[in-house]
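Asks: Before we start, here is the structure in question, set down as structure tokens.
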């Protein structure tokens with residue numbers, strides 16, 4: 001009753017007395033911990049929750065509330081262990097699944113966080129923060145398609161989440177950059193296989209217009225095809241990127 005009335009000091013005193021009178025009743029320790037959390041006496045609360053768990057190892061709320069208190073103390077590894085135990089006891093409680101994901105995210109345990117957030121999303125598909133944080137975990141692993149899909153799910157549910165538009169835009173930009181990087185690698189491989197195909201150089205230069213080696217390679221290909229005038233143009237462009245480069249100058253002089 002005192003807890004419901006938010007009379008925290010009186011509640012803490014009453015439950016402290018109850019634990020002295022009957023030290024083996026787990027709920028008294030749990031309620032004492034609840035009151036201590038409200039009083040921001042967090043270290044004492046941790047001890048009370050732990051005592052409650054010793055007396056009743058399957059007490060879900062003691063594990064869950066212990067985990068939340070440990071998060072406030074930034075004792076992340078202990079919080080993760082407490083959430084994991086809570087989820088073993090009750091695997092269908094969305095909130096403890098989601099909060100476990102948050103703690104794993106804090107510890108940069110990205111793959112584990114992804115698995116937990118996916119479970120949380122199965123339990124409650126309407127909580128935008130789950131998808132937001134899932135997008136962040138995918139982002140850290142540079143899994144851009146999945147990150148973008150997660151951010152878009154969050155936006156459908158709650159489009160005004162802080163920084164969501166920016167995070168989605170960043171993920172789209174990074175996916176584009178990675179796509180271009182992959183494309184560039186494939187063009188370089190194609191050029192190795194077909195060094196006289198001038199169109200490959202032009203396509204690669206659309207992605208990397210400041211790559212002197214591509215200009216030189218294109219000019220070399222044109223020289224092999226007896227098109228000296230074209231080769232001179234591209235050697236000169238290579239020199240604009242690498243002014244005074246002796247090797248490029250030598251090639252240009254031989255045209």
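Asks: Could you name every one of the helices (runs of 4 or more DSSP H) located completely within the range 182-255 that has at least 3 residues being over 45 Å from the mean Cα position of the chain (by Cα) and surrounded by fewer than 17 Cβ atoms within 10 Å (Cβ to Cβ)?
Replies: 228-241, 246-254
Asks: Additional query: Could you tell me which of the residues 82, 67, 48 is more than 32 Å from the chain's Cα centre (by Cα) and buried (at least 17 other Cβ atoms within 10 Å of the Cβ)?
Replies: 48 is the lone residue from the list that is more than 32 Å from the chain's Cα centre (by Cα) and buried (at least 17 other Cβ atoms within 10 Å of the Cβ).
Asks: Among 24, 34, which is the only one that is touching a residue at least 12 places away in the same chain (Cβ under 8 Å), assigned to a loop (DSSP other than H, G, I, E, B) and over 16 Å from residue 83 (Cα atoms)?
Replies: Unique residue meeting the criteria: 24.
Asks: Also, quick follow-up: Report, ordered by the first and then the second residue, all pairs with beta carbons closer than 6 Å, sequence separation of six or more or different chains, a first member in the range 128-145 that is closer than 11 Å to residue 161 by Cα, and a second member that is in a loop (DSSP other than H, G, I, E, B).
Replies: 128/158; 128/161; 132/161
Residue by residue, here is whether (1) closer than 17 Å to residue 255 by Cα; (2) at pLDDT 95 or above holds:
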position	(1), (2)
201	no, no
206	no, no
213	no, yes
218	yes, no
228	yes, no
231	yes, no
235	yes, no
238	yes, no
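Asks: Restricting the search to the range 31-45, which residues are in contact with a helix residue (DSSP H, G or I) (Cβ under 6 Å, 6 or more places away or on another chain) and surrounded by fewer than 23 Cβ atoms within 10 Å (Cβ to Cβ)?
Replies: 31, 37, 38, 39, 42, 44
The values are calculated or read from the model by the stated rules, or taken from the named source; none is laboratory data. Please read these numbers as outputs of a predicted model, since none were measured by experiment. We place every Cβ from the backbone using ideal geometry, glycine too, and count neighbours over all the protein chains shown.
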